Every structure is written in structure tokens, then in C-alpha cells.
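Here the structure is laid out as C-alpha cells; the discussion comes afterwards.
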Amino acid sequence: MIGRNAFRFILLFALFIAAALLLRSCILNSENPGKESDIGYKYLIGVSQPNLSEPWRVAMNEEIEQEVGKHGDMRVIFTDAAQSSDQQAQDVKKLMGYGIDLLIISLDDPVALTPTVSSVYKDIPVIVLGRGVAGYDYTLYVGTDDEMIGRKAGEFARETLGASGGKIVEMQGLAGSPTVEERSKGFRDAIQDSKLSIVQTMNGDWQRDLSEDLLVSWLKENHDVDLIFAQNEAMALGAYRALQKLNMNHVNIIGIDGVNSENGSLQLVSKNKLTGTFTSPPGGKEAIQYAIDILNKEKGIPKKIILRSQKITDPSTLNSESSNSPSPAPSPDQTDAPLVVGFAQVGMESGWRIAHTKSVIDAAKEAGVELLYENAEQSQDKQIELIRRFIKQKVDVIAFSPKTETGWDEVLKEAKEAGIPVILSDREVNVSDDTLWTAYIGSDFREEGRRAARWLIQQAEEGESYPIVELQGTQHSAPAVGRKQGFREVIQTDKTFMMLESLQGDFTKKQGKELMAAALERQGSKIKVVYSHNDDMALGAIEAIEDFGLRPGKDIIIISVDATKSALKALSIGKLSFAVECNALLGPQLMKAVKDLSEGKELPMKIITSEGVFTQESAKTALASREY
Ligand code: GZL
């Protein structure tokens, strides 16, 4: 029999344990801001920063906080890894433990953090912000076109040093980051045929003090330097402090970031400490705006949002209506008359183009926009004439799919002078001043070419060689230029692939068939691969291969780009081997951009659509629901 006292002791002990457990769960709740402990919000956003020692990152967090503050149903938790990649991986785990609904992560060290990002992406949406991550395992990237910023910095260095040129030290961020590689590539491309030379490259790891120390020790022994190109603001400030210490104030410094804060590069420029800088908008505001669309499962979420960078040599001109910015938004009409958009379509050359046109027309109807649709029938002159006609008609916005990359400066200057914003739908242009157009909505053509080549390399059999015939799209068009370049970037790494013939096509089935028939006459069964820049030429090539007596998809591997319904059909019966998607359904994003403009919103410089790939297997399942 248990004595009365013993029974009381056991009861008290049991009560004590229960109380302790209850207390513990309360503490956990208060430490763990899970939704159940804090009523009234719907979404919890986690923000993982690699460090907060850079003014640019502080500005990024401030933008995020400000934008979240506009939404009562949203909370945000920030973490700062203090420059440790291991710590940043830990921070992400902790944020996941809090039950965040979406992760915003900015990376200094993408090589170390890509696996972490990829694994989070399996569970919740991920927005990569500012500095890139390898690959495409994320929902959305918001940042800048780093190769373009590097190129502009190189052009500015040439302007600064003049024809006599000079010696340059390049201060790079953390080695291995796509941002470092792209900014460096753009800079080097811009100075390659000049008297500017890079005499030393260092890695300041995006940090001010490390950059300062590296420069002080190197410049002590090497005084003959004319310019330092620093890939971010913190390193530009480090460069400035190093030159001050060594009394080398004559040396120019070009930076990137352009943060408007104490000791930010705007202040450094206005105090003549920096020769100039290029803004790299942090993107915090845009990240939150798109996070809301993603969490609300909106359709048409892009893959990349590229923000516009401006050259700053005199901060007083920032954001003025100078040539530094694209056309102003159309003045919202006082009446409720519909917005009028002039759309100069390049032609009707392919199934993709027909789907693109339909998407724009349907989206305009849906949005209540009056669309003035015209078809330029593959003539650049006609497209220019149509744009001039839209200017005369004083449309609110001009949209067009430029046949080729060049030849648009004059007419776009006329549109800008008329105060009419121009949106590039589907294809980019290459003009002297990128403020001549307001936004680009379309694909990353170089990546499409890379995807085609990566798949091909995966198929390669040991000991085999693969002579390739390439069917190029319309000459000098952005898709043909990009797909050609991207494909070569990848296959040139593997000697089993060689370009037998690269033939000039025009995206039509007729041309694809004629070019392929002629190549077969010349090369016969030597041809092992056909890489076609679009489906229509690939389908023409398939017919030519069959007429020649060979089996397409078996005797000859055929890779195409677009992934229209007719291509998926050819994939599903084994006549096509692989298709890289190029999203034709750009109408909704174009009309959203038009509406945003009319409401005075600033558009990103580029909105890059989300795209996939199709094998013979995946085509079978996708075919039934394929929209185009
Ligand atoms: C790509 C587009 C190309 C398609 C072709 O965005 O411009 O033009 O790949 C089309 O099918 O003719």
C-alpha cells in the first residue's frame, strides 16, 4: 500500500511536470513567431542576408521592410550571416523552422548556398535577390543585368581615360559568383579593343576593409595605375580609403551600387571621391510586390526581373527627366477612354508567332485596352513606318517585336521625344541608349541555347562523335543571336561535338526543309544532329530527312526551340528528340505592364519569362493541355 505522503508526492511531481511542459510550449511559441501565436497576418516572409556590412544590403532590407509595412497581413523576419556561408545556411534552416511561407535570399557565395536554395525551393517559393545563384532552382530572380552594368562601366572607363588609355585594377567580389563573372565579362568586353588594360585583378569579397588592405599592399609596390574598377560600393569605398592612405588621389574609381546613404557611392561621387558609379537597385520593393503575387498564386510569374541601372557622375541628375531614364508614363487620361496600344508585329512566320499574336490580342481584349494591331510581314522598314504611324496617332504605348537587334535608334528617339513609352515584346534591341525603350518582356535566348546543348551532351554515348547542322533563325534577330551563342558556350566544352554546317534560315518551315535537303545532299549520313532555332524549321527538316530516306529522331537527333503543340506531337511520335520551350503567351504580361505604366508605376527593365524543356516522354503528357 502506498502511504498517503508518498501518494501526495507523486501527485505533486506529476503536476510539476505538466506545468513545466506547458511553460516550455509557451516559450517556444513566443520565440517561434509561428502564425498561431500572432493573429492577424497571413504570410510570413523570411529574408536571409549574407551580411549587413554593405550599405547596399542595408538599403535592400529597408526597402523590404517599407514594402511589407504596406501590407497588414504580412510579417518579415530578417537574418544576417555576418559574412559566413555556413551561418547563412543555418539561418535558412532556422527560418524554415519558423514556418515561413516564402524565402527571400541574397547571396555572396552562390556556390556554397545553391544546394540550400534548391532544397528550400522544393518546399516553398524562393526569391533570389540581388546577387545570383547558379542554375534555376528558384521561383524568381530580382536583380540587375550584371554583364550590361560591367559593359557600361567599361565604356565609362574608356570615356574617362580617353584615347591614350591607361592601367586598371579590377576589384572583384567573392570568386565564383555569377555576378562577379558577368560584371567582369561585360567590363573586359567593353575595353578589349582599346588602350585600357587590366594590370591586376583582386577579390575583395564585396568587403570594404579587405579591399582597402589588398590595395594598400599592392599599390605600395605598383604606383602606375590610372583607374580602379570596383564591382560594388563597399569595395569602391575601400579603394578610396587605400588611395587616400597612399596619397594617390589622381587615380579614378568607378563603382557599382549607387546607394543613397551616408558614405554611399552617391555621396562619394558628389564629393568627387568616386569618378562615377552605376546604380544596382536593391530590388527589395519589387521582391515583396512579386512575393505577394506568388503567394496569391497569380498566373504569369516571370523567372527574372531585371532592374534598370543608371550611370551616376552627378547625383543631382538622378531620377530627373534627363536622358538617363526611359519615357515617362503615359499621362493617365482624365476621361475613362481605354488605353491605346500600337502593336507592330514582326510577321506570321511561324506557329510560335501566331500564338504570340493571339496572346497579345486576347490579353488586350481582356484588359479593355484598344489594340492597334499591324503586321510588318518580316520587314524592318515596315515596322519603323508602323511605329511612326503610332507616334502620329499619339497612342499611349507602343509595343513591337523587333525583327532584328539593330536599326532602331532613330525611330525610338522619335517615340521618346513624343513621350510615348516603348515596350519590347518577345525580342530585344541593341541601341546606343537603352533608355530609348521602357521594358523588355520575353525570353533568355542564350539560356535556351545552353539548355539545348546541355541536353545533347547528356545524350552523348562514349566514343561517339556528333557532327551538327544548325538551322539559324532570322539573321541578326535576338533569338537567333542568343540561341547560337548559348549553344556554342556549352558544346565548345566537349570535343565530341562539332559544327558541320550552320545555315541561315528565317524561322519558316519552308526554309527549314530546303536548307536541310541541301545539307543532306552535301553531307548525307555524316549528319548526326540537327539543332534548329525554332520548331517550324525543325519540322521542315524532319520532312527533308524522311525524303532523303533517313529516320528523324533515330538516325539523326533533332533539337528544336519553341515547344509548340506541333513540336510536342513530333516529340511524342519520336520524330523530334528534344524541345526547349520559348514562352509565346506574352500578352497578359504585356497588358499588365501597360496598365502599370498608366498608373505611374516604374517597370523593371526586363521581365524574363519562365520556360521549361520537353523530352519525348514529357511531351506525351503535356500535349493534351498545351495552349499553343
Ligand atoms: C522567339 C521568337 C522567335 C520564335 C520563332 O521569342 O521571336 O520568332 O522562336 C519566331 O518561332 O518566328
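The values are calculated or read from the model by the stated rules, or taken from the named source; none is laboratory data. Treat the numbers as computed from the prediction; the structure is a model and nothing was measured. Here Cβ is always computed from backbone atoms with ideal geometry, including for glycine, and neighbour counts include all displayed protein chains.
Suppose we keep only residues that are among the hydrophobic types (A, V, I, L, M, F, W, C) and closer than 19 Å to ARG451 by Cβ within the stretch 542-570. Which one would you say is nearest to the ligand (Cβ to nearest atom)? So that I can check it myself, show each step before the final result.
Just the residues of the stretch 542-570 that are among the hydrophobic types (A, V, I, L, M, F, W, C), to begin with: 542, 544-545, 548, 550, 556-559, 561, 563, 567-568, 570.
Narrowing further to those that are closer than 19 Å to ARG451 by Cβ: 557-559, 561, 563, 567-568, 570.
Details: ILE557: 19, ILE558: 15, ILE559: 13, VAL561: 6, ALA563: 10, ALA567: 10, LEU568: 14, ALA570: 14 Å.
Among them, the one singled out is VAL561.
Look through the stretch 178-200, keep the residues that are under 21 Å from the mean Cα position of the chain (by Cα) and hydroxyl-bearing (Ser, Thr, Tyr), and return whichever of them is surrounded by the most Cβ atoms within 10 Å (Cβ to Cβ). Among residues in the stretch 178-200 that are under 21 Å from the mean Cα position of the chain (by Cα) and hydroxyl-bearing (Ser, Thr, Tyr), the one surrounded by the most Cβ atoms within 10 Å (Cβ to Cβ) is THR179. The residues on offer are ALA418, ALA453, and the sole one that is within 25 Å of the chain's Cα centre (by Cα), away from the ligand (no atom under 13 Å from the Cβ) and over 25 Å from PHE278 (Cα atoms) is ALA453. In the stretch 495-508, the residues that are assigned by TED's automatic domain parsing to the domain that holds ASP536 form Cβ pairs under 7 Å with partners that are within 16 Å of the ligand (Cβ to nearest atom) and of a type in the set (Val, Ile, Thr), at six or more places apart or across chains, as follows: ASP506/THR474; PHE507/THR474.
A Cβ distance below 7 Å, combined with a sequence gap of six or more or placement on separate chains, defines the contacts here; from the stretch 349-367, residues that are under 29 Å from ALA337 (Cα atoms) and touching a residue at least 12 places away in the same chain (Cβ under 8 Å) reach residues that are within 12 Å of the ligand (Cβ to nearest atom) and of a type in the set (D, E, K, R) in the pairs HIS356/ASP426.
Filtering the stretch 468-500 to residues that are among the charged types (D, E, K, R), more than 22 Å from the chain's Cα centre (by Cα) and within 16 Å of the ligand (Cβ to nearest atom) leaves only GLU470. None of SER443, SER425, SER465, SER401 is more than 16 Å from the ligand (Cβ to nearest atom) and of a type in the set (Ser, Thr, Tyr) except SER465.
When the residues of the stretch 576-602 are narrowed to those that are away from the ligand (no atom under 14 Å from the Cβ) and touching a Pro at 6+ places or on another chain (Cβ under 8 Å), which ends up nearest to SER425 (Cα to Cα)? Per the criteria, the residue is LEU597. Scanning the stretch 428-440 for residues that are away from the ligand (no atom under 16 Å from the Cβ), touching a residue at least 40 places away in the same chain (Cβ under 8 Å) and β-branched (Val, Ile, Thr) turns up THR435, THR438. ILE573 meets all of the listed conditions (1) within 25 Å of the chain's Cα centre (by Cα); (2) surrounded by fewer than 24 Cβ atoms within 10 Å (Cβ to Cβ); (3) more than 13 Å from the ligand (Cβ to nearest atom); (4) of a type outside the set (D, E, K, R) but one, namely (1). The strands (runs of 3 or more DSSP E) located wholly in the stretch 123-177 include none with 3 or more residues which are surrounded by fewer than 20 Cβ atoms within 10 Å (Cβ to Cβ) and either of a type outside the set (Phe, Trp, Tyr) or free of Cβ contacts under 8 Å to residues at least 40 places away in the same chain (or both).
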